[in-house]
1. What ³J(HN,Hα) values, in whole Hz, does the Karplus curve 6.51 cos²θ - 1.76 cosθ + 1.60 give for the stretch 195-203 when θ = phi - 60°, with x put for Gly and Pro?
2. Quick one: Karplus J couplings for the stretch 241-254, per residue in order, coefficients 6.51, -1.76, 1.60, θ = phi - 60°, nearest Hz, x for Gly and Pro?
3. Taking the alpha-carbon distance from K184 and a cut-off under 18 Å, which lysines remain once sequence neighbours fewer than 8 residues away in the same chain are dropped?
4. Using only the alpha-carbon atoms, how far is helix 275-284 inclined from the longest principal axis of the chain? Give it as 0 to 90 degrees, nearest 10.
5. Tell me which lysines have Cα within less than 16 Å of K276's Cα, excluding those fewer than 8 residues away on the same chain?
6. Would you mind telling me the share, in percent, of accessible area of the stretch 1-73 contributed by carbon and sulfur at probe 1.4 angstrom?
7. Which GluC sites (Glu not before Pro) does the stretch 282-323 hold that lie in a coil by DSSP with at most 16 other beta carbons within 10 Å?
8. Calculate for the chain the 222 nm mean residue ellipticity that helices alone would give, adding -39,500 (n - 2.57) per DSSP H run of length 4 or more and normalising by residue count, nearest 500 deg cm²/dmol.
Amino acid sequence: MSIRSLLPGRIGFGTAPLGNMFRAIPDDEAAATVRAAWDQGIRYFDTAPLYGAGLAEIRLGDVLAGKPRDEFVLSTKVGRIVLDEVEDPASRELGEKGALFEHGRPNRMVNDYSADATLRSVEDSLRRLRTDRLDIVWVHDIAQDFYGDAWAGVFESARTGAFRALTRLKGEGVIKAWGLGVNKVEPLEMTLDLDEPRPDAFLLAGRYTLLDHERALQRLLPAAAEQGVDIVVGGPYSSGILAGGSHFEYAEAPDAVVRKVARIKALAQENGIGIKSAALQFVLAHPAVAAVIPGATRPSRIAEDLAAPAQEVPAAFWAALREQGIISADAPVPAL
């Protein structure tokens, strides 16, 4: 099924920052940000056990528990079990992501993509989120950035475990859709080549942005569109560097990326637009993209994200990005 009929709009809310990604966020600030998203009309929320070892799910659930369940769409992820025993969050092995959630809860996390672990993960998430059901479930991070050369084996474990368990849950009406949530295109391409199981959608983070889109553009997005597998884009600001931050790929941005962003900002200023408008409109212009889910940790950021797609962006801006080689000549841009 297409998840477009399920999603309430093209802008959702990504909660990775609420798991204390990069910094420790006070509970009241996190709650205020979720409330701001709700009050300004956002009705799709995405989260995951990984985000602060359940912290983002707990914070999101605390706010949404007071809202009518039929009025919002909720997605979370499977592949990691959060245990009661504790560990040093800064010492966790998160592949290329290092100590991404070192400010999160100290609960130990175990990677497990088996069918049994998938069912347990869903139950645990329901409890943390204080809800009776999930709408979409993503199989999380079965890719090179977390598992290196072993990623294909992890993918196979998920294919025979999580994929089949989620297919069964969908068939039973427990969830409405499922797919993969990753930061690399290769697992998604591999999934599209399978005869079964068939996902409904993909959550692709960081691979279709102003700064990095060539690989996804050439094969993944056309193949997904042909098979009717919708794409939700996460990380549209490339870990924050496109929204005034200093991170790219979850680490301090290298000089080459900083220079490229400076060129984009200069062109945006010349054309009288915000860089967030450029970033979100670029993502949403591709016909395979059903929605985008920027993250935020401050209430003020929500209004910026919601206003960005509506700002008029001159055709000259997109032409300049193409001329300077910042975006691919094949990348769709908004029609004026």
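The values are calculated or read from the model by the stated rules, or taken from the named source; none is laboratory data. Every value quoted in this text rests on a predicted model; they were computed, and no experiment measured them. Cβ sites come from the backbone with ideal geometry, for glycine too, and all protein chains shown count toward neighbours. The area values use the complete protein model at the heavy-atom level, side chains included, leaving out ligands, DNA and RNA. Shrake-Rupley method; radii C 1.70, N 1.55, O 1.52, S 1.80 Å.
1. For the stretch 195-203, the Karplus-derived couplings read 6, 6, x, 10, x, 8, 6, 10, 9 Hz, x marking Gly and Pro.
2. Coupling constants for the stretch 241-254: 4, 8, 10, x, x, 10, 9, 9, 6, 6, 9, 4, 5, x Hz.
3. K77, K97
4. 60 degrees
5. Leaving aside lysines fewer than 8 places away in the same chain, those within reach of K276 are K260, K265.
6. Carbon and sulfur atoms account for 51 percent of the accessible area of the stretch 1-73.
7. The qualifying sites are E312.
8. Helices in the chain give a 222 nm mean residue ellipticity of -10500 deg cm²/dmol.
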